[in-house]
């Protein structure tokens, strides 16, 4: 996958379209990512102990990789990602400005 943890991404489709935020976790087998403050779901929890109240917990849910684009740190635009190999090391590059990411 061309997207890594701590990358800044732009949501390109769905209810959170247009938001920019950081990736918290990557799930490569499901091709999904967990993004901070995006795709928030509400989960109702039951009381565990007697006298305790149930509550509604909000937590981010994973979103498909096809619905996000990486923000290039140099040009600041939403870009596609390519690869380049230099001295037996593989680097990600921005397809617009050709800068290493």
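Since every read-out is calculated from the coordinates, none of them should be taken as a lab result. Note that this is a predicted model, so its numbers are computed, not measured. Positions of Cβ are backbone-derived with ideal geometry, glycine not excepted, and every protein chain shown enters the neighbour counts.
Do we find a residue being surrounded by 17 or more Cβ atoms within 10 Å (Cβ to Cβ) and in contact (Cβ under 8 Å) with a residue 12 or more places away in the chain anywhere in region 39-46? Taking every residue of region 39-46 in turn, at least one turns out to be surrounded by 17 or more Cβ atoms within 10 Å (Cβ to Cβ) and in contact (Cβ under 8 Å) with a residue 12 or more places away in the chain.
For region 25-63, give me each residue that is touching a helix residue (DSSP H, G or I) at 6+ places or on another chain (Cβ under 7 Å) and assigned to a loop (DSSP other than H, G, I, E, B). Selection gives 31 alone.
Residues that are under 8 Å from the mean Cα position of the chain (by Cα) and crowded, with 16+ Cβ neighbours inside 10 Å within region 10-31 comprise 21, 23, 26, listed in sequence order. Within region 65-79, the set of residues being assigned to a loop (DSSP other than H, G, I, E, B) and farther than 13 Å from residue 92 by Cβ comprises 75, 76, 77.
Is there a residue being surrounded by 13 or more Cβ atoms within 10 Å (Cβ to Cβ) and in a loop (DSSP other than H, G, I, E, B) anywhere in region 81-92? Among the residues of region 81-92, not one is surrounded by 13 or more Cβ atoms within 10 Å (Cβ to Cβ) and in a loop (DSSP other than H, G, I, E, B), which makes the answer no. Looking only at region 5-15, residues that are part of a loop (DSSP other than H, G, I, E, B), in contact (Cβ under 8 Å) with a residue 40 or more places away in the chain and out of contact with any helix residue (DSSP H, G or I) (no Cβ under 7 Å at 6 or more places or on another chain) come to 1 in all.
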